[in-house]
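The structure appears right after this line, and notes come after that.
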Amino acid sequence: MQVAIVKYNAGNIYSVVNALRRLGIEPTLTDDAELLKKADKVLFPGQGHAGEAMDYLRAHKLDEVIRDLKQPVFGICVGQQLLCKHSEEGDTECIGIFDADVKRFQPQRHEEKVPCMGWNLLEVRDYQINPILKGLGENPYVYFVHSYYVPVCAETIATADYILPYSASMHKDNFYTCQFHPEKSGKVGERILKNFLDL
């Protein structure tokens, strides 16, 4: 199986590479459009500023490439946000797979810190069993680091709650996402990555 990871100016990509290697996959880290199109699975991870990330993607026409991919695509953290329509971070127009606007957390109480950082409960929506979230067990906890979130919407398949409920995982057509870091989320995250590879 050929697995490609979108290479752009975002952090945390190598932890995803290492997580895939632990599952026996040697991914290709690339910004080459043809390699991305030919891959069986594409991961779109990252940490960083949405505006700077989109500038890089547009300069290399990767926004168009990603939008047109037909194989399973997995957006992680900023990758989830960039697959939405717009982000408040830098007033950024994004790729637009999901008809949702990315918002910044607005703390309501002193103890609510931004960025949201740490382990949180993943609440899978019972009425929409999704193959990427199967077999996680009861009360799965996953690891988050983010200042921006996607509101709950029609494509939300799992939520988390920090200041307010928000989209922890989404799905539309061949696009799957998570706001958390599966590569840093222990056995639960490993199972999610394996579920994606098994699609």
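Numbers for the structure displayed
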item: Selection from ALA59, ALA160, VAL102, by position along the positive dipole direction of the range 49-199 (Cβ); result: ALA160
item: Per residue convex hull volume, Cα atoms of the chain, in Å³; result: 105 Å³
item: Residue with peak Gaussian network fluctuation, the chain [Cα springs, cutoff 10 Å], from GLY46, GLY11, GLY137; result: GLY137
item: Solvent-accessible heavy-atom area per residue, rounded to whole Å², over the chain at 1.4 Å; result: 46 Å²
item: Filtered chymotrypsin sites (Phe, Trp or Tyr not before Pro), the range 116-199: DSSP coil and at most 16 other beta carbons within 10 Å; result: TYR127
item: Percentage of interatomic Cα-Cα distances in the range 103-179 larger than 18 Å; result: 39 percent
item: Amide H contacts under 5 Å for LEU43, placed H, 5+ residues apart; result: ALA4, ILE5, VAL6, PHE74
item: Cα centroid of the range 79-125 to Cα centroid of the range 136-154, whole Å; result: 10 Å
item: Nearest-20 debye value, the chain charge dipole, Cβ charges on Lys, Arg, Asp, Glu; result: 520 debye
item: Where GluC sites (Glu not before Pro) fall in DSSP loop in the range 89-167, at most 13 other Cβ within 10 Å; result: GLU111, GLU112, GLU138
item: Trypsin sites (Lys or Arg not before Pro) restricted to the range 54-154 and DSSP loop, no more than 10 other C-beta within 10 Å; result: LYS70, ARG109
item: Computed label-point distance, nm, for sites LYS85 and VAL152 using a 7 Å Cα→Cβ extension; result: 2.0 nm
item: In sequence order, calculated HN-Hα J values of the range 6-19 (Karplus, 6.51, -1.76, 1.60; Hz; x Gly/Pro); result: 5, 9, 8, 7, 10, x, 6, 5, 6, 5, 6, 4, 5, 5
item: All-pairs Cα distance distribution in the range 44-107, expressed in whole percent, bin size 5 Å; result: 4, 18, 32, 29, 12, 4, 1, 0
item: Paramagnetic reach from SER15 in the range 76-105 [backbone N under 17 Å; point 7 Å along Cα→Cβ]; result: 76-81
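The values are calculated or read from the model by the stated rules, or taken from the named source; none is laboratory data. Everything numeric in this text was worked out from a predicted model, so none of it was measured. Positions of Cβ are backbone-derived with ideal geometry, glycine not excepted, and every protein chain shown enters the neighbour counts. Side chains included, ligands, DNA and RNA excluded: accessible areas come from the protein's heavy atoms. Shrake-Rupley method; radii C 1.70, N 1.55, O 1.52, S 1.80 Å.
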